[in-house]
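**Q** My questions will all concern the structure given below.
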Amino acid sequence: EAGKITGLDTLLSGSYIGLQPGTSDKPSRKFIALPHKPPISEYAPGLHLKLHAQVLHSLQRGSGIYHKNIQIGSVQQYALQGDDTVLIDFYIKPEYQNLVKKDTRFWNASGITISGGITGLKVQIASLASIFRGGIMMQTPAAITDSPQAENGQLFTLYDDFAAAEYGIPLTLELASGEGMKQGVTKIIYRGMELGIIQKFDINKDKNHTVTAHVLLDPRAETILREETVFYLIRPEISLMKIRNLETIVTGSYITFVPGEGAFKDHFTVKNESPPRQKKEVEAGDFGIMLTTKDLGSITVGSPILYRKVEVGKITGFTLRQKEDDVLLTGVISKQYAGLLKTTSRFYNFSGVDVDADLSGIKINTGSLVTIVAGGVAFYTPEQGKPAVKNQVYSLYEDYAAAENSDPVNPGDRVIKLTARDLGSIDKGSPILYKKVTVGKIIGFKLRAKQGDVLLTGVVKKEYANLVKTTSKFYNLSGIEVNASLSGVKIQTGSLETIIAGGVAFYTPGKGKTAAKEKVFPLYDDYEAADNSDRVKITIHFGRTDGLKKGVLVKYHGVEIGEVTRVHYEKNMETITVDAMLERQSGTLLKDKTHFWLVRPEFSLTGTQHLDTLLGGPYIAIAPGAGKGRVEFTALKEEPVIIDERPGLNIVLETENLFSLKTGDHVYYRKVKVGEITGIRLSPTFQKVLLNVIIDKPFVSVIREQTKFWNASGVHVSGGIFSGFSMSTESVEGLMAGGISLATPDNDIMGKTVSSGHKFILYGEAEDSWLKWSPKIGSGKQVKK
């Protein structure tokens, strides 16, 4: 259906049949399915109303009912009537039913409405949803807001557009001619306010063929319908003596009036000239002001001063000040509006054109087109300040944006400073957000050539100032951030405003303390950079790539201390470089002798290791070392040899079969325990078993280059039936627990002493000659061959 997608969940779950309970007490098991969802039950809370329309327009089931661009209900169903009209059933939600009165007006808001011409172009666009799906707007005229509440079943008229639905008091005006005026365009204007519009003209059958204009008058102006009120026409006047009302060449002629007293009257004759002035230009009680500006622009004497687009005063004069190199304007605010002026009021040059576009629609408001030609001044008051004093001097800004950014810091607001590598799409006025709520804005920036960065100034509103702590982190939220990996695609954006115009966001990890006013915060490129700002970045080079990807954890003794943030090939396309971020306190582990390796599940003759990685995936382990600090490492191909820290000699024994040996088994020399097995692992090619052994310090000198090692586990039986049997074991402990024996040759062939890491062969059993060796070993000095 246009403008919406329904039943999207059925792409995954499959189609299903919806059900709406009935109201009958009679049970049934046979039903006729409807082609679409039925209307909301008439017993549901809310208002169930009807609209009578000549044409359906682009309305459909589900089209919204809107009030002030907020959807308050929806069209339920419609049907063609016998008189060729359309009857529409619609529903108003319970929370909005108090808005609908018996005299409320409804009109079609579907699509785009353009009316008028060069003298008064109007473009009305509702929300994008109503353009595609249709929509109905509603409004209760201000003059009849006390109308009774609407009741269920009430029938209303659906007008074609807003103009047709507009409420007003009928008024007729007799004119000598309709020259320069148009139906639906020519307005009744008083002091810049539009109070009515000519709906149609009738040509009278009198001798002069005068014209009668039918007007709908704004109810607020009902008090001017008095006998002494004078209506007159405003149109351009050009002669050798004067030029007046030149702006009406663009805006078109309009009708205005001078209010009078007397009995009620709703028919008047419009005069061609304004009546003699009965009042002074400046009345007693009017409030005088002064404005300073760099140039006058299109402002002149008589230009209106506006507040919320209502004329509340006018410019009375101006003078060029050569010393100050500016223009000083004088103006007056009518006494009834003097209370609107405060010391904090801001004045700006008003061009009369205001364009506001967002996803909900485009609004073009030309305001009073008189200001396009004659110029005008507008003002607003951002904060409740002290009452202004007469003839107070204000700055006149070039436009609303300049006024808004002129003095954005109010009492209690928090000013913050940020440093960034570059400005990006951030600009003055860019929002500052906390949890996607706008809490402030950027008010300025400057390039610092010496520091090579940009210093930004922002302001956080006083009600949110306490959110800024010493631990707060600010980051750029501009544009769209796309993070893609094998696990999926993550797209993160801020609001539409920050995508287009840029923005800054911040968060506060931990409690933190109130930040000092002079503190300068770094502005990080994105959330990830901010989150990693307290971590240590390291680089690790790997020869193997199995399981390496972004997000792989770094662990120390099984505890997570960081994660991989980037994986990429080096130039040789063989070596993998990994960037990882570690917790700040892990920095003490990063030394010259520190080792990293990738931990994966292992299966060996002694059992299995690291089974947790079958579910959790591989991880990078760290073994701290000594030396100077560093942040770049080359990973080991496998888990490093575990070096026992006890005093002694660490050696490696290589064997094809582990037999029954295990970690902790003893090493014997002449049946005396001289060491033990500290670790068991497979060789890199998985063809051998490697045993890590430590020889206790007192016996280190026994171990020489030609020392032989053999498996001394269990019982050794030899012999036969006729020769007899012999049985031997290294020790009872070796019999029960297993172990290794060693022998060192006699002095002439024993060889030199060895250092830690030396590798020996582990034999399955001893040769007879080894058992006969009986070297004389001294303090461990090298023995010559």
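The values are calculated or read from the model by the stated rules, or taken from the named source; none is laboratory data. Given the structure is predicted, the values throughout are model-derived calculations rather than measurements. A quick note on method: Cβ atoms are made from the backbone with ideal geometry, for glycine too, and the neighbour counts reach across all protein chains shown. These area figures cover heavy atoms from the full protein model, side chains too; ligands, DNA and RNA do not enter into them. Shrake-Rupley method; radii C 1.70, N 1.55, O 1.52, S 1.80 Å.
**Q** Residue by residue, what Karplus-based ³J(HN,Hα) values in Hz, rounded to whole numbers, does the stretch 520-531 have, using 6.51, -1.76 and 1.60 with θ = phi - 60° and x for Gly and Pro?
**A** Coupling constants for the stretch 520-531: 10, 9, x, 9, 7, 5, 7, 5, 5, 5, 5, 5 Hz.
**Q** Considering all projection directions equally, how large on average is the shadow of the alpha-carbon convex hull of the stretch 30-72, in square nanometres?
**A** About 5.0 nm², averaged over all directions.
**Q** Still on this structure, I have one more. Would you kindly compute the Cα radius of gyration of the stretch 631-683 and its largest Cα-Cα separation (Dmax), both in Å?
**A** 14.2, 49
**Q** Does anything in the stretch 295-316 have its amide N under 13 Å from the 7 Å Cα→Cβ label point of Y400, and if so which residues?
**A** 307-310
**Q** State whether the stretch 29-108 is rounded, prolate or oblate according to the following rule on the C-alpha gyration tensor (a ≥ b ≥ c being the square roots of its eigenvalues): a/c under 1.5 gives rounded; otherwise a/b larger than b/c gives prolate, and the remaining case gives oblate.
**A** Oblate, because a/c is 1.5 or more while a/b does not exceed b/c.
**Q** OK, next. Which links in K537/K593; K417/K473; K519/K591; K593/K708; K187/K265 stretch past 24 Å when you go from one Cα to the other?
**A** Listed pairs above 24 Å: K519/K591; K593/K708.
**Q** Suppose each label sits 7 Å from its Cα in the direction of the beta carbon; what would the S15-T539 distance come out to in nanometres?
**A** 5.9 nm
**Q** When the solvent-accessible surface of protein heavy atoms is calculated with a 1.4 angstrom probe, in what order do V672, V459 fall, highest first?
**A** Largest accessible area first, the list is V672, V459.
**Q** What full-extension length gain, to one decimal in nm, is calculated for D546 and E528 as 0.36 nm per residue of separation minus the Cα-Cα distance?
**A** Gain on extension, D546 to E528, equals 3.9 nm.
**Q** Let me ask something else about it. Between the DSSP loop rule and a limit of at most 11 other Cβ atoms within 10 Å, which GluC sites (Glu not before Pro) in the stretch 503-590 are left?
**A** E518, E570, E574
**Q** Here is a follow-up. Give me the accessible area of F760, 1.4 Å probe, in Å² rounded to the nearest 10.
**A** Answer for F760: close to 10 Å² accessible.
**Q** So for the stretch 419-470, what percent of the C-alpha to C-alpha distances run longer than 15 Å?
**A** For the stretch 419-470, the fraction of Cα-Cα distances above 15 Å is 50 percent.
**Q** Once R0 is set to 60 Å, what does the formula 1/(1 + (r/R0)^6) return for the Cβ-Cβ distance between N204 and T514, expressed as a FRET efficiency to the nearest 0.05?
**A** 0.15
**Q** If R0 is 22 Å, what FRET efficiency do you get for L636 and K571 from their C-beta distance, rounded to 0.05?
**A** For L636 and K571, the calculated efficiency is 0.50.
**Q** While we're on this one: At 0.36 nm per residue, minus the direct Cα-Cα distance, what do R226 and A176 gain on full extension? Give it in nm, one decimal, please.
**A** Stretched out fully, the R226 to A176 stretch lengthens by 15.9 nm.
**Q** Quick one: Karplus J couplings for the stretch 621-638, per residue in order, coefficients 6.51, -1.76, 1.60, θ = phi - 60°, nearest Hz, x for Gly and Pro?
**A** 9, 10, 10, x, x, 9, x, 7, x, 7, 10, 10, 9, 10, 6, 6, 6, 8
**Q** Let me ask something additional. Taking N as the number of residues in the stretch 176-226, what is its Cα Rg relative to 2.2 N^0.38 Å?
**A** In units of the globular-protein estimate, the stretch 176-226 measures up at 1.26.
**Q** With just the Cα atoms of the stretch 384-461, tell me how far they stretch along each of the three principal axes, in Å, largest first.
**A** 48, 31, 21
**Q** Okay, moving on. Calculate, for H595 and V409, the FRET efficiency according to 1/(1 + (r/R0)^6) with r their C-beta to C-beta distance and R0 56 Å; round to the nearest 0.05.
**A** Computed FRET efficiency for H595 and V409 comes out at 0.55.
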